[in-house]
1. Note down the net charge around Asn70, summing +1 for each Lys or Arg and -1 for each Asp or Glu among other residues with Cβ under 14 Å from its Cβ.
2. Report relative contact order for the stretch 270-324 in percent, whole number only (criteria: Cα-Cα under 8 Å, sequence separation at least 6).
3. Hey, with R₀ at 51 Å, roughly what FRET efficiency would Lys177 and Met118 work out to, going by the Cβ-Cβ distance, to 0.05?
4. So what is the calculated 222 nm ellipticity per residue for the chain, using -39500 (n - 2.57) for each DSSP H run with n of 4 or more, over all residues, to the nearest 500 deg cm²/dmol?
5. Below 8 Å, C-alpha to C-alpha, sequence gap of six or more: please give me the relative contact order for the stretch 388-466 in percent.
6. For the chain, take N as its residue count and report Rg(C-alpha) divided by 2.2 N^0.38 Å.
7. Quick check on packing: order 357-370, 449-462, 477-490, 239-252 by the mean number of other C-beta atoms within 10 Å, highest mean leading.
8. Where does each of 308-318, 215-225, 374-384, 75-85 land if you order them by average Cβ count within 10 Å, highest first?
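The values are calculated or read from the model by the stated rules, or taken from the named source; none is laboratory data. Small disclaimer: the values here were computed from a predicted structure and weren't measured. Neighbour counts run over all protein chains shown; Cβ positions are idealised from the backbone, glycine included. Ligands, DNA and RNA are excluded from the accessible area calculation, which covers all protein heavy atoms including side chains. Shrake-Rupley method; radii C 1.70, N 1.55, O 1.52, S 1.80 Å.
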Amino acid sequence: MTDLKQFEVWFITGSQHLYGEETLKQVSAHAEEISKYLNASKAISTSIVFKPIVTTPDEITALCREVNANQKCIGIISWMHTFSPAKMWINGLKILQKPLLHLHTQYNRDIPWSSIDMDFMNLNQSAHGDREFGFIVSRLRKERKVVVGHWKDKDVIKNIDAWCRAAAGWNDWQGAKFVRFGDNMRYVAVTDGDKVEAEYKFGFSVNTHGIGDLVKVINTISDAEVDALIKEYENAYTLSASLQKKGKKRQSLKDAARIELGLKAFLEDGNFKGFTDTFEDLYGMKQLPGIAAQRIMEAGYGFAGEGDWKTSALVRAMKVMGSGLKGGNSFMEDYTYHFEPGNEMVLGAHMLEICSSIADGKPACEIHPLGIGGKEDPVRLVFNVAGGNALNASIIDMGNRFRLLVNEVQAVKPKNKLPKLPVARVLWKPLPDMKTGCAAWIYAGGAHHTCYSQNLSSEQLQDFADIAGIECVLINRDTRLNQLRNELRWSEYYCQNK
Ligand code: MN
């Protein structure tokens, strides 16, 4: 959805003047070669831009100021090829407002055993130069990711890209606007939270517009626009009989298309990156947006139901982070359990709004009654989701901080047809196992709403949480419940004293 190559990560190499011009030239040539190699790598999603080496406190501070001000730059990779006395970095790091990755690498992969001499040693000093730099970053209590290994190593590149994607998601949040149509679902706790603190901490704003404002826009959509969108539906989906031309529910399909076009226009006009709605407040709307929410999500917008703005924002960020990768990201809810011994799993779904980016095969476009909301029957896309590795992520507001939870899961290819279930659905087995995974999630206070991802890794989400400066609770195959419960207790104490 988003071309991440438009974003730049600046490759900054530190040194000093002690070694003379000849050495500095070599340092610069090596740094340029490494940054160009990373930039050309298909496994790195953003651009990596070489910057002239920095050798004085003034140069470092000036460059950090430029990093902060440059719109394209979403973070920096630092590397100390030689020794760069780290007091030189204090003022620069103090003002640096963008994500930092410390690449602890070395130009040569191997020691040249037969030719190594002191010139070689003096050029290749990152083994100690990067420690001096690491000290000052730790001393300043500055968050960063440390990646260790030779720069051509596949895992090193994967670690770098995880962080680049997280930085792109973070960059997307800065100044982003999310709109809520209607408030939080009445009495629901976990979907609510502190929007002022979220804007301060995360950089995005969440504001409400009256449902009537949206309905006004929906009503301006012309019949010709509606007809054109219905053609798109007919090409992309298998329409049930009642929605086809001359079918008795054809009008509902037109209403749904009009809602989609109105919503899309509202989001585009207001420059919003996502939205929430609630079935409790649809005044003037004919049906709850079903296919509209599904398709708008697929187009890259954030969405969550019941006023859940935190999940809507997370869905958006995760879509940006997953740009260009196979698979999708969707709003999700843990809906119903299958407790068959040895084959326990979760059925994930929502009333309607699962993003079609995770559909396996051609979705069916159907209309069915909705038990709640008191509106006309909503049109929705119905589909299954393929098996494979996936994860669920959720942001909750703990009162004194935000927490990101991530549960790695194994999606299960559906064996049964579910002919009477009129919604898109996913089956998964939480890791490490159903009992531990669900208990861990509940002890950690994770929401029933999540973003379900087929293409992101927990490494990317941990990097994202680190960049955001929030707690990350990871539940995966290594999770032991007692250990996790202790970590939650310790973290409570840590966050109170931070
Ligand atoms: Mn829900």
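1. Numbers: positive: Lys51, Arg65, Lys72, Lys98; negative: Glu8, Glu66.
That sum, taken over residues with Cβ under 14 Å, equals +2.
2. Details: 59 pairs, mean separation 22.0, N = 55.
The value is 40 percent.
3. Details: r = 58 Å, r/R0 = 1.13.
After rounding to 0.05, the efficiency reads 0.30.
4. Details: 15 runs with 188 residues, N = 498.
Computed mean residue ellipticity for the chain: -12000 deg cm²/dmol.
5. Working: 101 pairs, mean separation 31.7, N = 79.
RCO, the stretch 388-466: 40 percent.
6. Numbers: Rg = 25.2 Å, N = 498, 2.2 N^0.38 = 23.3 Å.
Output field value: 1.08.
7. Details: 357-370: 18.5, 449-462: 23.5, 477-490: 13.1, 239-252: 15.1.
Highest mean packing first, the order is 449-462, 357-370, 239-252, 477-490.
8. Numbers: 308-318: 28.4, 215-225: 13.9, 374-384: 21.7, 75-85: 24.6.
Highest-to-lowest ranking by the protection proxy: 308-318, 75-85, 374-384, 215-225.
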